[in-house]
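S.K.: Please read through the structure below; I'll follow up with questions.
Laboratory data are not the source of any read-out in this text; all were calculated from the coordinates shown. From a predicted model like this one, the values you see are computed outputs, not experimental measurements. In this analysis, Cβ positions are derived from the backbone assuming ideal geometry, glycine residues included, and neighbour counts consider all displayed protein chains.
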Amino acid sequence: MTALPLIISGYTAGDEATGLYFAQLNTSDGHLVTTPSKIDLPHPSYFDVTIDSCEEHKLLTVISEVFEPQGPLIQQYSLHKNQIHLKSESSLTGSEPCYVENHIKHHLVTTAQYGSGHIDIFSTDDNHQIVQHIQTIDNQSLRLAENLASHAHQSLLLDKTKVLVSVDLGCDCVRFFPFNSTQNQFSINQHESLILPKDSGPRHMIFDRQERFGVILCEISEQLITLHKPNDKWVILSNQPAFPSTHNGQAAGAIKFSPDQRFIYVTGRRQNLIACFAFNQDSGDVIYQYSIDCGGDFPRDFAISPCGQWLVTANQNSHNLATYRRDITSGELEDTGYRHEVPSPVCVKFI
């Protein structure tokens, strides 16, 4: 029997001691065993994990999704042989951070603050630990209409071009900020804004490895919008329903590539579905395949194992995780039937 390690985070309430859990997935049957961490952080809604070259030391970078008066934080912990040590702690700009990513290649950490529209950027050392805060981008000041409120939902960095991508749910747009190496910051003046259909509510975005195509999951319209970059400028290639033949619940959840990038999976939090699409890496075509029940209520997030053979959903409102076997050739999911209780899970990752 092989056990695959995971980390789960979720909202905290009442007398819950932690919102972060370590887990092991049994690859013989899909059974999960979880262990509460000793990390005391309110509402650790999103995190990232990096691993050193010898795969012995892991670094957990986690945000606290709280309002501005409560003092949003970003913390980093070393995880080694069941020992947890706080390595860094920094304050975040604005309110309700909902996304964080530790970009290994460029030695940067970026966050997205949903409540205020801010993005914070931190530099990191060779161990990927935060060194200093180097920039804040205020998406609210960049909005094109006064009646719109910025809600930054994701901030990711393109490996090849070192362009910072901001997905703004409130302003129905995606912004691209090129890096200015002279100023050691991302350029506000030279940024590109791609306006999406009104009330689409872009939530999360993924890119293929060649960075020729990007696929956006829109929370409000529950559409998949595919972008293409034919001449150094991103344009919309296609737009289609994320959950065909279902009622729009205005609550699309998460989007992920399979490890080989032949398939895209998305979750619908009102339909309680996982939808699968085939992805053509040459044309950028995204073709619907099937949908399957998520194994709970309100699938906020999910993770696919690096081997591609397992998928785990984090169902926030039913307070459980569900596991699925995955056929790496066909992309088909098979529900194992196992359900594991975890309080309000909102983010899950294999490590």
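S.K.: Do any residues in region 204-230 that are at positive phi have Cβ atoms under 6 Å from those of residues that are part of a strand (DSSP E or B) and of a type outside the set (S, T, N, Q), where the two are at least six apart or on different chains, and which pairs are they?
M.R.: If the second residue must be part of a strand (DSSP E or B) and of a type outside the set (S, T, N, Q), the pairs left are 222/252.
S.K.: Inside region 267-351, counting only strands (runs of 3 or more DSSP E) that do not spill past its ends, which hold 3 or more residues that are in contact (Cβ under 8 Å) with a residue 60 or more places away in the chain and closer than 25 Å to residue 49 by Cβ?
M.R.: Strands (runs of 3 or more DSSP E) meeting the threshold: 310-315, 320-326, 333-341, 345-350.
S.K.: One residue is enough: does region 256-265 have a residue meeting the conditions within 20 Å of residue 314 (Cα to Cα), among the acidic types (Asp, Glu) and not in a strand (DSSP E or B)?
M.R.: no
S.K.: Still on this structure: Here is a list of conditions, (1) closer than 24 Å to residue 59 by Cβ; (2) touching a His at 6+ places or on another chain (Cβ under 6 Å), and residue 130 meets all of them except one; can you say which number that is?
M.R.: Against the list (1) closer than 24 Å to residue 59 by Cβ; (2) touching a His at 6+ places or on another chain (Cβ under 6 Å), residue 130 comes up short only on (2).
S.K.: Given the criterion within 21 Å of residue 335 (Cα to Cα) and crowded, with 18+ Cβ neighbours inside 10 Å, identify the matching residue among 273, 227.
M.R.: After ruling out the rest, the residue left standing is 273.
S.K.: Find all pairs meeting these conditions: Cβ atoms under 7 angstrom apart; at least six residues apart or on different chains; first residue within region 2-18 and in contact (Cβ under 8 Å) with a residue 40 or more places away in the chain and of a type in the set (Phe, Trp, Tyr); second residue in a loop (DSSP other than H, G, I, E, B) and buried (at least 19 other Cβ atoms within 10 Å of the Cβ).
M.R.: Listed pairs, sorted by first residue: 11/19; 11/43; 11/45; 11/344.
S.K.: Return a yes/no flag: does region 95-116 have any residue that is at negative phi, over 19 Å from the mean Cα position of the chain (by Cα) and of a type outside the set (D, E, K, R).
M.R.: Pass one, region 95-116, residues at negative phi: 95, 97-106, 108-116.
Within this subset, residues satisfying the condition of being over 19 Å from the mean Cα position of the chain (by Cα) are none.
For region 95-116, residues at negative phi, over 19 Å from the mean Cα position of the chain (by Cα) and of a type outside the set (D, E, K, R): absent.
S.K.: A further question on this structure: Evaluate region 181-191: report whether one residue or more is without any contact (Cβ under 8 Å) to a residue 24 or more places away in the chain and either more than 18 Å from residue 119 (Cβ to Cβ) or among the charged types (D, E, K, R) (or both).
M.R.: Checked against the condition, which is being without any contact (Cβ under 8 Å) to a residue 24 or more places away in the chain and either more than 18 Å from residue 119 (Cβ to Cβ) or among the charged types (D, E, K, R) (or both), region 181-191 yields at least one hit.
S.K.: If you don't mind, another one. Of everything in region 148-179, what is closer than 17 Å to residue 215 by Cα and without any contact (Cβ under 8 Å) to a residue 24 or more places away in the chain? Give them in sequence order.
M.R.: 163
S.K.: From (1) surrounded by 22 or more Cβ atoms within 10 Å (Cβ to Cβ); (2) closer than 28 Å to residue 21 by Cβ, pick out the condition that doesn't hold for residue 297.
M.R.: (1)
S.K.: I need the full set of residues from region 136-168 which are more than 18 Å from residue 207 (Cβ to Cβ), surrounded by 24 or more Cβ atoms within 10 Å (Cβ to Cβ) and of a type in the set (A, V, I, L, M), in order please.
M.R.: Within region 136-168, just 137 meets the criteria.
S.K.: Among strands (runs of 3 or more DSSP E) lying entirely in region 8-83, which contain 2 or more residues that are in contact with a Ser or Thr (Cβ under 9 Å, 6 or more places away or on another chain) and buried (at least 22 other Cβ atoms within 10 Å of the Cβ)?
M.R.: Per the criteria, 20-26, 46-51, 58-63, 73-80.
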